[in-house]
1. Which value in nm describes the separation of the simple spin-label points at A:K30 and B:D24, placed 7 Å from the Cα toward the beta carbon?
2. Rank B:V47, B:Y75, B:V25 by how far each Cα sits towards the positive end of the charge dipole of the protein assembly as shown (+1 on Lys, Arg Cβ; -1 on Asp, Glu Cβ) and give me just the farthest.
3. If the only charges are +1 at each Lys and Arg Cβ and -1 at each Asp and Glu Cβ, what is the size of the charge dipole of region A:46-88 around the Cα centre, to the nearest 20 debye?
4. Please give the length that would be gained between B:R100 and B:K117 if that part of the chain were fully extended, namely 0.36 nm times their separation in residues minus their C-alpha to C-alpha distance (nm, one decimal).
5. Suppose a student asked you for the relative contact order of chain B, using Cα pairs under 8 Å spaced at least 6 residues apart; what percent would you report?
6. How high is the relative contact order of chain A, given as a whole-number percent (alpha carbon pairs under 8 Å, six or more residues apart)?
7. Under the 0.36 nm per residue contour assumption, what length would be gained going from the current alpha-carbon distance of A:K7 and A:V80 to full extension?
8. Is the shape of region A:35-108 best called rounded, prolate or oblate, per the rule: a/c under 1.5 gives rounded, else a/b larger than b/c gives prolate, else oblate, with a ≥ b ≥ c the square roots of the Cα gyration tensor eigenvalues?
Amino acid sequence: MAKYVDKELPSLTKAQIAEEIHQRIGLSKKECLEIVQGFFTALADSLEEGYAIRISGFGNFTLHDKGPRPGRNPRTLEEVPIEARRVVVFHAGQKLRKRVDGYAAKRK
Amino acid sequence: MTAGKAADTEDIEEAPSGGLTRNDVIARVVGRFPHTPPEDVADAVRVVLEIMTEALAEARVIEIRGFGSFCLHYYRPILGRNPRNGEPVALGGRYVPHFRPGRLLRRRIEKSRVPIKD
């Protein structure tokens, strides 16, 4: 497994998403930025409240409770306990995977 | 949780669950904008997801401050096996979207102890 990114392309940010929505559906730039912001805030709030999020076609954000385990500082090799914690995991849905696979096919 | 299990669960995206669906999320966003027509907010949210999909489909990184970032992970081609009959199956190199939660989101979630509604 390796991280793969097209370094030629600038990364997509909230501001750019907002600009793009503005061009596509004509809401004001200010409203678009607020909605983009509101969308990610709603996702984060929901996850904090313990809700998994399932967006069909895009993917699922699920929550997992991890037990405590002994850890180690890799630099000093010192043992540091890792506390029980909750993590969020994203799994891309079928449609998103297909679209991404289309990219892979294009590169071959 | 194993990768295999993960692959199975994603196919039941429409299954009834205690989690939130796209429409639940849209309703939550709509609720934050009492002065914008709900249909406009809903459209905007759908377009956000479309734009994110398009970005990932060109291997573009998505960086959302405070929430996290999305990029692609590449898995080399491997010789897999059909678990039922043991026959070798060639699995081509794959690109899979990956999400890395941001520090703020991780911090908000890791201490949360409310029951998980999945």
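The values are calculated or read from the model by the stated rules, or taken from the named source; none is laboratory data. Source: prediction; values computed, not measured. Heads up, the Cβs are rebuilt from the backbone with ideal geometry, glycines too, and the neighbour counts pull from every protein chain shown. These accessible areas exclude ligands, DNA and RNA; they are computed on the full protein's heavy atoms, side chains included. Shrake-Rupley method; radii C 1.70, N 1.55, O 1.52, S 1.80 Å.
1. Inter-label distance under the simple model: 3.4 nm.
2. Result: B:Y75, furthest along the dipole toward the positive end.
3. Values: 7 positive and 6 negative charges, 35 e Å.
For region A:46-88, the charge dipole is close to 160 debye.
4. Residue separation times 0.36 nm, minus the Cα-Cα distance, leaves 4.0 nm.
5. Reported relative contact order: 20 percent.
6. 18
7. Going from the current span to full extension adds 22.7 nm.
8. Values: a/c = 2.75, a/b = 1.48, b/c = 1.85.
Here region A:35-108 falls in the oblate category.
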